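**Q** This is the structure, below, for whatever I ask next.
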Amino acid sequence: SRTPVDALLLPALREKGLGFSPDAPKPVLLRRLHLDLLGLPPSPDDTARFVADAAPDAYEREVDRLLSLPQYGERWGRHWLDAAGYADSDGYTTDDTPRDYAYKYRDYVIRAHNTDKPFDRFILEQLAGDELVPRPHRNLPPEQLDLLVATGYLRMGADGTAGAPDQDAARNQVVADTLKIVSSSLLGLTVGCAQCHDHRYDPIPHTDYHRLRAVFEPAYDWKRWHPPGERLLSLYTDADRAKSAEVEAEASKLGAERADKEGRFIAEALTQQLEKFDAGLRPRLRAAFETPEGKRTPEQQALLKENPSVNISGGTLYQYNQKAADELKGLDARIAETRARKPQEDFVSLLTEDPGNAPITYRFHRGDPHQPKEPVKPGGLSVLEPSGRAVEFPEKDPSLPTTGRRLAFARWVASTNNPLFARVIVNRVWMEHFGRGLVRTPGDFGAMGEKPTHPELLDWLATEFARGGWSLKKLHRLILTSTAYRQSSARVTNDGRHPGRMLAGERVDPEDRLYWRKPVIRLDAEAIRDSILAVSGAMNPKMFGPPVPVRTDVTGQVVVGVDKTEGDNKMPVDVPLNGEEHRRSVYIQVRRSRPLAMLNAFDAPVMEVNCERRQSSTAAPQALMLMNSGFILDQSERFANRLMKGEPADPAARVARAWQIAFSRPPTRGESAMALEFLQAQETELRKLPVPPPETKPPARPEPAVQALRSLCQVLLGSNEMLYVD
């Protein structure tokens, strides 16, 4: 027992005659930590350094080191984005309109995790950041802008109100989905069941649901609705506007110069062209030409139609005076270059209220907005108050231009006065570390959810979380430094010791609900893709910014790429992404209607609302993806090239290096012999194939030795040891 976590787990173990398993070997522990905290495997240098560090606090220092790395925020920010229902598109309708600025909320979440923003403050900003920023929302410093970006949390639900035919239904669905996201991610309750009637299983009255709705209705007023395009805030400052006006004045001056020259050039060309006509016809042609198009008589229209050569315009001027057309073209370029100097206008997607708007919320009979009953006041859930009476929030905060309801709600939610919040968050963190929560239904702490396996541990962790300043990194340290986390996952120890105890554990607690060994966990979809990129050496470490786009390829599979088609049959066109395609998965566009095939195969959620807990399936399409996808074939080639470059002449050294890079360990003698035998057999078979002529397209095959190594690399990238963490 190293920590209170262990002390709270041991009594139940001892009651069954069990104890903890031995610590996992150091390379296994390091790989576990890296994949858990960073979502990436350790490099061979990381492994060698950690194994060689014999100091008694080497493990604890490694935990601190990993928590300080920027990749931590990318990994653990993704977990919160699941709970928030993050998506880069509106969903709801088949259009699935992209959300061009949602990524700023994703970046806010990553930065908040990296700076270890206190979690109560993190939630406060997401629920009511706009009410902490003085109005008007203009010329904002970065720290205030961050508060507005944070409210993107409340804009994550699907929103089809820009084009849905039934606006009342669409608007109220946005509100319902937002309440589901808030309640499941912060309270661990399924309050949506109380939308139409009293909750069937939990003591949540129909009225309490509408109390929660009243908190958000000033911002989501379904009778004074703002569609997604109207929930964008321009980041143009007064200085930007002044600069833009200055540049536009300069461009307009050039435009006037161009218009004057074009008029003169056309007039000169017309005069020259009229010389080709009879003297009696010239005045009529000139008059017809100079008459505005909408005011020409039928006779004039017919005259110009019969003599098209006098229909001179800026677009046809080159046919009469190429030098003049080139001069105008040069002016066009100068005008475009001038306008390009304008500050680029950027936007933030946020949720805020119209000052002075405080709509009355009514209880909807059977959840039907067209059947309003009595008015209700904003408040929390009565079941969470010791008195049994729902906490009420002021309908209007006199110190704010907005109602302040969300701010009051946020201060109540993220506090120790709310008995669920801290428990819900620590349970979710425990779930990500151990593959399951102390409460195995993280979005449902109610009657239909599972009871905690270790309620005292859940209570203690929640208390320590609040006492430690709501620091997520401190919570990680509490869990990761425990013996429970460091245990071996082996069912029988590698050294053959304690086989009787291992067998007893399997007999007494086959599901390991008592934590007598560390569960083996299948990596989630993003960690699988990111680990493959790291092992192949292709990983682009760039952080933040707009998402990497996705498109459908010729087979109908969604892949990374720009959605562009050409030709009569509208075939997809490959547009170079200059390495953007190898960025971490958290930066890939989350399009509700286009889930990336590689991630979708390994259970990445499609955000219909939000994801409380990911599933971990084992299905044939996963194996097929690892065998046949272009992504895997490309990464296998890159992995092989990395090995060839590092060990150009020694197959045995390449094999050893491959295992160190992929699995953080050397191959066993049997694995090494089998790999070398495989390489030799593959190379022999490949040499039997006829050599294609040099002009063959696609290009000729690589050398058999290189092809064989690519096949071996693909085997490693698709192996269980790559997909699971001990």
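The values are calculated or read from the model by the stated rules, or taken from the named source; none is laboratory data. Remember, it's a predicted structure, so these values are computed and weren't measured experimentally. Because the Cβ atoms are built from the backbone with ideal geometry, glycine has one as well, and the counts that use them run over all protein chains shown. Just the protein is used for accessible areas: all its heavy atoms, side chains included, with ligands, DNA and RNA removed. Shrake-Rupley method; radii C 1.70, N 1.55, O 1.52, S 1.80 Å.
**Q** Skip the ligands, DNA and RNA, and give the accessible area per residue of region 77-174 with a 1.4 Å probe, whole Å².
**A** Per residue, region 77-174 has an accessible area of 33 Å².
**Q** On a full-extension model of 0.36 nm per residue, what is the gain between LYS645 and ASP100, subtracting their alpha-carbon distance, rounded to one decimal in nm?
**A** Roughly 192.2 nm would be gained on extension.
**Q** Now a separate question. Among PHE364, VAL383, GLY330, whose Cα projects farthest towards the positive end of the dipole of region 323-385, with charges put on the beta-carbon of Lys, Arg (+1) and Asp, Glu (-1)?
**A** GLY330
**Q** Given that compact globular proteins tend to follow 2.2 N^0.38 Å, what is the ratio of the alpha-carbon Rg of region 561-616 to that value?
**A** Against the compact-globule rule of thumb, the ratio is 1.40.
**Q** Same structure again: Net charge near GLY469: determine it from the other residues with C-beta under 11 Å of the C-beta of GLY469, scoring Lys and Arg +1 and Asp and Glu -1.
**A** +2
**Q** Once the Cα gyration tensor of region 394-477 is diagonalised, what are the square roots of 5 times its eigenvalues, in whole Å and ordered largest first, as equivalent ellipsoid semi-axes?
**A** Rounded to whole Å, the semi-axes are 29, 16, 10.
**Q** Same structure again: Which value, in nm² and rounded to one decimal, describes the direction-averaged projected area of the C-alpha convex hull of region 70-179?
**A** About 7.8 nm², averaged over all directions.
**Q** What is the gain in length, in nm to one decimal, between THR115 and SER234 on full extension, counting 0.36 nm per residue of separation less the C-alpha to C-alpha distance?
**A** 40.2 nm
**Q** Can you give me the Kirkwood hydrodynamic radius for region 377-441, using every pair of distinct Cα atoms, in Å to one decimal?
**A** 13.6
**Q** Estimate the FRET efficiency between ASN578 and LYS474 by the formula 1/(1 + (r/R0)^6), using the beta-carbon distance for r and 51 Å for R0, to the nearest 0.05.
**A** 0.80
**Q** Over the Cα atoms of region 235-337, compute the convex hull volume and normalise it per residue, giving Å³.
**A** That works out to 125 Å³ per residue.
**Q** Assuming R0 = 30 Å, can you tell me the calculated FRET efficiency for the pair GLU345 and LYS253, based on Cβ-Cβ distance, to the nearest 0.05?
**A** With a Förster radius of 30 Å, E is 0.85.
**Q** Once the convex hull of the C-alpha atoms of region 1-139 is built, how many Å³ does it hold per residue, rounded to a whole number?
**A** Cα-based convex hull of region 1-139, divided per residue, equals 221 Å³.
**Q** Still on this structure, I have one more. Using the alpha carbon gyration tensor of region 638-726, what are the three equivalent-ellipsoid semi-axes (square root of 5 times each eigenvalue), largest first, in whole Å?
**A** Semi-axes from the Cα gyration tensor: 26, 14, 12 Å.
**Q** What ranking do 343-355, 274-286 get when scored by the average of other Cβ atoms within 10 Å per residue, highest first?
**A** 343-355, 274-286
**Q** Using only the Cα atoms of region 280-375, construct the convex hull and provide its projected area averaged over every direction, in square nanometres to one decimal.
**A** If I average the Cα hull's projected area over directions, I get 16.0 nm².
**Q** Give me the compactness ratio for region 148-280, meaning the Cα radius of gyration over 2.2 N^0.38 Å.
**A** 2.07
**Q** Same structure again: Which percent of the accessible heavy-atom area of region 546-601 goes to carbon and sulfur, probe 1.4 angstrom?
**A** 50
**Q** Same structure again: Between ARG286 and ALA447, 0.36 nm times their residue separation minus their Cα-Cα distance comes to what?
**A** 49.2 nm
**Q** Would you be so kind as to identify which of ALA601, SER664, LEU676 lies farthest towards the positive end of the dipole of region 592-726, taking Lys and Arg as +1 and Asp and Glu as -1 on Cβ and the Cα centre as origin?
**A** ALA601
**Q** Report, to the nearest 10°, how far helix 651-663 tilts away from the longest principal axis of the Cα atoms in the chain, using its own Cα long axis and a range of 0 to 90°.
**A** With both axes taken from Cα atoms, the answer is about 90 degrees.
**Q** Further, regarding this structure: Please compute the Kirkwood hydrodynamic radius of region 97-154 from all pairs of different C-alpha atoms, in Å with one decimal.
**A** Result for region 97-154 stands at 11.7 Å.
**Q** Now for a separate question. Treating the beta-carbon of each Lys and Arg as +1 and of each Asp and Glu as -1, no other charges, what is the dipole magnitude of the chain about its Cα centre, to the nearest 20 debye?
**A** 960
**Q** Using the Cα centre of region 159-284 as the reference point, and only Cβ charges (+1 on K/R, -1 on D/E), how large is the resulting charge dipole? Debye, rounded to the nearest 20.
**A** 200
**Q** Taking the Cα centre of region 657-725 as origin, work out the dipole magnitude from +1 charges on Lys and Arg Cβ and -1 charges on Asp and Glu Cβ, in debye rounded to 20.
**A** Here the size comes out at about 80 debye.
**Q** For region 336-407, what Kirkwood radius comes out of the mean inverse Cα-Cα distance, in Å?
**A** Evaluated over region 336-407, this radius sits at 16.2 Å.
**Q** Now for a separate question. Answer rounded, prolate or oblate for region 216-284, using the Cα gyration tensor with square roots of eigenvalues a ≥ b ≥ c: rounded when a/c is under 1.5, else prolate when a/b is larger than b/c, else oblate.
**A** The shape class here is oblate.
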